[in-house]
1. When the range B:93-115 is examined, which residues are found to be touching a residue at least 40 places away in the same chain (Cβ under 8 Å), facing chain A (nearest Cβ under 8 Å) and in a helix (DSSP H, G or I)?
2. For the range B:63-89: of the residues being more than 9 Å from every other protein chain (Cβ to nearest Cβ) and touching a helix residue (DSSP H, G or I) at 6+ places or on another chain (Cβ under 8 Å), which is surrounded by the fewest Cβ atoms within 10 Å (Cβ to Cβ)?
3. What about residue B:53, is it farther than 30 Å from residue A:8 by Cβ, more than 9 Å from chain A (Cβ to nearest Cβ) and touching a residue at least 60 places away in the same chain (Cβ under 8 Å)?
4. Going residue by residue through the range A:51-58, is there one that turns out to be outside the structural domain of residue A:268 (by TED's automatic domain parsing), surrounded by fewer than 17 Cβ atoms within 10 Å (Cβ to Cβ), in contact with a helix residue (DSSP H, G or I) (Cβ under 6 Å, 6 or more places away or on another chain) and at pLDDT below 90?
5. Run down A:371, A:382, A:357 and say which single residue is more than 14 Å from chain B (Cβ to nearest Cβ), surrounded by 17 or more Cβ atoms within 10 Å (Cβ to Cβ) and at pLDDT 80 or above.
6. Run down B:139, B:179 and say which single residue is modelled with pLDDT under 90, farther than 29 Å from residue B:15 by Cα and surrounded by fewer than 23 Cβ atoms within 10 Å (Cβ to Cβ).
7. Check every one of the helices (runs of 4 or more DSSP H) wholly within the range A:1-100 and list those with 1 or more residues that are in contact with a strand residue (DSSP E or B) (Cβ under 9 Å, 6 or more places away or on another chain).
8. Failed condition for residue A:182, given (1) surrounded by fewer than 16 Cβ atoms within 10 Å (Cβ to Cβ); (2) at pLDDT 95 or above, with all others met?
């Protein structure tokens, strides 16, 4: 036997009560695990965004186009190191419900600018530059639809049509790419802007947005100002910002998700804190005489404090780890259905670490006052209580 | 076994309790000496201060004045932490209601004081076996308190009190909750511990029959020893 045996035996001396406390902790941590993971997944875009990567969009809003001529003009601005342009295709596969992220890009500059995020094999890079109707598909998307290199896939657009009137473009998959970082989502495909622009029935010579990299983040402010000044008072004024800021603005459209998550998790934790704190206090109070006996045997006040605190911390860890485990199971089970909306949803290490910190905090908060009372308890008083 | 070395020496000890606006004197300038190897029964009516005396000797309650020397140490000036360490090595307590931990087996209950030592798990188990054998409760080692009779529980409590080999055993009505036959068995064990193992025993009791097992009987009334027959000092 050791102190841990004593702690464990004390915790489970009334099994129903112990398990009810564990269930309340488990519930709060499961809610935390799921919501924090969803929130994290929504914020992945921010983390993916490099601080030295800037995005130039139409000042009206990002759904409005920009003239393709801006691409060359931006390239000439001092401080701009790499630049590319992208256009939203609005694609779907077979059924309008099967929405796909499909982008028309300029191959060479796109692969150069996003080479830090996605890994494209050299032969795929060459094929993508060479094949006019070629498309590069992310591993997640290829896996989801069972596509492989050489497949010819018809992708329809819910925005654009061809001059023939058809909404469908045929692409040949010339390669797949993988993520270089965990946060990067590969559930998208890219194809040649030239093919898109030649065949579409409207918006010819227009692009969606421009992405660029400056020499260093310290140049960002100057470059942003220079770009927006260049196109000021034109029919297509621009709004330039870092990719990270743009992603944050995009997420903010859904409302203050962080506050929403914090409120729900806070409510769950506050309720659980009161239940567990009260039960722990009651449980220790019921053991007043036993604590007196332990002190009589020679257990110091400090050791009693550690025993009671260990009990509440052990309780928090049992419930907390089970709760996070449950959240993980839930996320794994729904991940497949959420891949289009939240492709990177998972219980990230930061969520786990925050969870562990919360477990420690919870154990400490719920156990500290009963532990302090137990430590200060006078033996004569304890033995006098029945 | 007994010698003239004082195991317990109280010099001018006073103890008061405050109840509301009233201060109640339990002892005023109480003197007492118990030699090593003695078996003393302390008798007296309820409220006479018997248990308080035991608590003062055991360092679980503090005096207001005077000196308390036990097992060669002056304990009245020790801190809570020092007293805890001192109790762990010098005193074994036996209570009326056994006070075993309900979720621990007999062996685990007996092992509790040894968690405060540096003994290995193997050594602790060996000590526990010996202590349970001494009180004839080895066959109950794996039983929980609720699976044992009152007498068996008190045997286990005695084993817990002696497992760390203290010099002094303080017993608060050890047979108060037991029938006569079982009580006699427990008292016989205490007698053996005193006679054969050299433990000094101080036992508080209401029961004159129990007091007969002691070498000396002290009568306490209103904070004073009214009869000091055989008192060593």
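1. Selection gives B:111, B:112, B:113.
2. Top of the filtered list is B:73.
3. Numbers: farther than 30 Å from residue A:8 by Cβ: yes; more than 9 Å from chain A (Cβ to nearest Cβ): yes; touching a residue at least 60 places away in the same chain (Cβ under 8 Å): yes.
Considered against the rule, which asks whether it is farther than 30 Å from residue A:8 by Cβ, more than 9 Å from chain A (Cβ to nearest Cβ) and touching a residue at least 60 places away in the same chain (Cβ under 8 Å), residue B:53 comes out as yes.
4. Yes - at least one qualifying residue is present in the range A:51-58.
5. A:371
6. Criteria check complete, one pass: B:179.
7. Details: elements: A:3-11, A:15-48, A:69-75.
Answer list for the range A:1-100: A:69-75.
8. Failing condition for residue A:182: (2).
The values are calculated or read from the model by the stated rules, or taken from the named source; none is laboratory data. Being a predicted model, the structure only gives us computed values, none of them experimental. In this analysis, Cβ positions are derived from the backbone assuming ideal geometry, glycine residues included, and neighbour counts consider all displayed protein chains.
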